[in-house]
Amino acid sequence: MSSNQYQERSTVVRIIFIVVGVIFIARLASLQIFDDEYRKLADQQALRNITQYPARGLIYDRNGELLVYNEAVYDLMVIPRLARGIDTAGFCRTLGISRSDFETLMRKASRYSTYTASPFMKQISKEEYASWQNHLYKYKGFYVQKRTLRIYGKPIAAHVLGYVGEVDDKDIKADAYYRQGDYIGKSGLEKSYEEVLRGVKGKKIMHVDVHNREMGPYMNGAHDTMAIEGGNLYTTIDATLQEYAEGLMANKRGCIVAIEPSTGEVLALTSAPTYDPNLLVGRVRGENYMKLLADISKPLFNRAIQAQYPPGSIFKVAQAMTALNLGVITPQQGFPCDKSLVGCHNHPSARSVQEAIKMSCNPYFYYTYRRIIQQGKYKNIYKDSPYGLTVWHDYMNRFGFGIRLGIDLPNVKQGNIPDTNYYNKWYGAGKWAFSTIYSNSIGQGEVEVVPLQMANLACIVANRGYYITPHLVRYYGPDSTRNEEYYKRHETGIRRSYFEIAANGMYDVVHVAGGTARRANIPDIDVCGKTGTAQNIGYDHSVFIAFAPKNDPKIAVAVYVENAPGGGGYWAAPIASLVIEKYIRGSVTRTDMEKYYHDAAPCQKLPLTRIAKKKKK
């Protein structure tokens, strides 16, 4: 063999070694530099990244009573890749779960990631954890992470406080702060003030040995970060009044909203039926939620801010103030009680606005609304009515109707105040006039309002022409931060003197013969109120708004009782008066009335089966 042949073979061998070496170097570079999968696995076998969950902010009532606090619980975490080959039977006996449960939970964790820790079992009580914590070291890939659970000191204000639940994919996509297994406010103040309450998560990195036992902090904690606890909420709710109002609405469907007129601070907001907020806490939350969701009476539905009802005759107060300010009627305007126009109960014809409010005369407000809608700007009523309706719609918005009041709760409805577009779509442009829409005059027809707006109307009259946006939180956090929007006045632009007429008429409703709410009379307290009986499917709803005292009012209330025969004066009015007395005096002297309305169950049973006789007051 020639020297050239040896040289060629030597060259080939060198090339082969070089190629093999390059392949090895490339693979090592890929594993160690570009692909961090193996590095992660090695780290996870030696290091444990533990999220430090902050304590969620506390929630207090207006008097400093603690409404919501936290209790320590534990999540059992798993890294599926490291948990392979453990004594499954022993693990299941230790935790008291079945083999099928184990497999289901492990599959769920593996779908999330085989290399990254995720919750295997959530919200384990300290008692459960204590029973098996000393055995956990035997099971590689498992460890415990501490967190907190919401506790509600009293079973009240569920619709106000809301509840906390696990994040879903939508939450995670919307905010990079969240990871699978995190919790977020789902409703109520817990949702509205989530960023305040949640705090800031921290991180702790621990060394672990081959037996899955923590050996101490990595690099003496140089890379650890402390969790920052959430900010506290200091609400406007009076816990005593809230509890009392919920007691009065037991066995009923409806709601009560009570507001301090001078500040817009909500004193009580209850929706009935309600539920114990502790039902939506812990591992039983999902099961309880489905039961509540399936309940035909809708206990999860917040009627105070989401139900859109016909207001009935309480709406007449806003009609009267609008007509007076437009100059289409005078304070001493009289109209006959002509029942051929619209049905009414028996009473003399009203000779003034004050008397019309006291007697709640339907024909009176038929005439009043007609003068608002048909002001004579155009000879053609099909042009005149849209003009008048546009003016009326603007005034109703000034009263907070047809708009979302900016209360600090999610999912607030705005009700419905129909405008010209609404009727043009329904009937066609130029094909409707006052005679088509006159039911709006007495709070029926297409008008719908939210109970919060009804209480706000009482605040407007109490304040003689303005309101402060209703709100549930005074301030929050260590710096006592407050929302300045909740300190602005919203003016109706209507003369104060006209609201004095409304206040006098509402005083007569309760205190003068012929008034429709004599049951709301409280000895030595000047209550001003207005009844309503709203038509609907089934028995009519019972409605009442009120404020007290007449001068320098301290509380305004709206009460709505669904499908309760007897009218606003029989059910809603006395319930409102009990709430007023409880707040102003601290106790109730009319104990017989208190017991009667606390125990009564007047609402027509569900599902509704018939339409009651139409009667409005």
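Numbers at a glance
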{"item": "Charge context of ASP508, other residues only, Cβ under 12 angstrom, K/R +1, D/E -1", "result": "+2"}
{"item": "Helix-only mean residue ellipticity at 222 nm for the chain, each DSSP H run of n ≥ 4 adding -39500 (n - 2.57), per residue, nearest 500", "result": "-10500 deg cm²/dmol"}
{"item": "Computed label-point distance, nm, for sites TYR422 and SER349 using a 7 Å Cα→Cβ extension", "result": "3.1 nm"}
{"item": "Neighbourhood net charge (9 Å Cβ-Cβ; Lys/Arg +1, Asp/Glu -1) for GLU562", "result": "+3"}
{"item": "C-alpha long axis of helix 572-585 to longest principal axis of the chain, angle in °", "result": "70 degrees"}
{"item": "Total formal charge among the other residues, if their Cβ is under 13 angstrom from that of LYS122, Lys/Arg +1 and Asp/Glu -1", "result": "+1"}
{"item": "Extended-chain gain in nm, criterion 0.36 nm per residue less alpha-carbon gap, GLN133 and LEU326", "result": "62.0 nm"}
{"item": "Alpha-carbon spread of the chain, three principal axes, descending order, Å", "result": "131, 63, 49"}
{"item": "Inter-site label distance for ARG590 and MET215 at 7 Å from Cα along Cβ, in nm", "result": "7.6 nm"}
{"item": "Qualifying trypsin sites (Lys or Arg not before Pro) for region 455-546 [loop in DSSP, other Cβ within 10 Å: at most 16]", "result": "ARG482, LYS488, ARG495"}
{"item": "Residues ARG303, ARG99 arranged by fewest to most Cβ contacts within 10 Å", "result": "ARG99, ARG303"}
{"item": "Degrees separating the helix 451-462 axis from the principal Cα axis of the chain, which is the longest one", "result": "50 degrees"}
{"item": "Using distinct alpha-carbon pairs, which all enter the 1/r mean, Kirkwood radius of region 282-382 in Å", "result": "16.8 Å"}
{"item": "Per residue, the convex hull volume that the Cα atoms of region 461-617 enclose (Å³)", "result": "165 Å³"}
{"item": "Exposure proxy order (Cβ contacts within 10 Å, fewest to most) of ILE545, ILE151, ILE501", "result": "ILE151, ILE501, ILE545"}
{"item": "Span from the region 290-328 Cα centroid across to the region 237-261 one, whole angstrom", "result": "16 Å"}
{"item": "Computed over region 239-599, the ratio Rg/Rh where both radii use C-alpha atoms and Rh is Kirkwood", "result": "0.97"}
{"item": "Ranked list, fewest to most other Cβ atoms within 10 Å of each Cβ, for THR368, THR390, THR116", "result": "THR390, THR116, THR368"}
{"item": "At R0 = 51 Å, FRET efficiency that the Cβ-Cβ distance of LYS291 and TYR382 yields, to 0.05", "result": "0.45"}
{"item": "Region 48-235 pair-distance distribution - Cα-Cα, 10 Å bins, rounded %", "result": "8, 32, 33, 21, 6, 0"}
{"item": "Rounded Å value of the spacing that divides the Cα centres of region 459-512 and region 171-207", "result": "36 Å"}
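No value in this document is a laboratory result; all are computed from the given coordinates. It should be emphasised that the depicted structure is a prediction, and the values quoted were computed from it without experimental measurement. Heads up, the Cβs are rebuilt from the backbone with ideal geometry, glycines too, and the neighbour counts pull from every protein chain shown.
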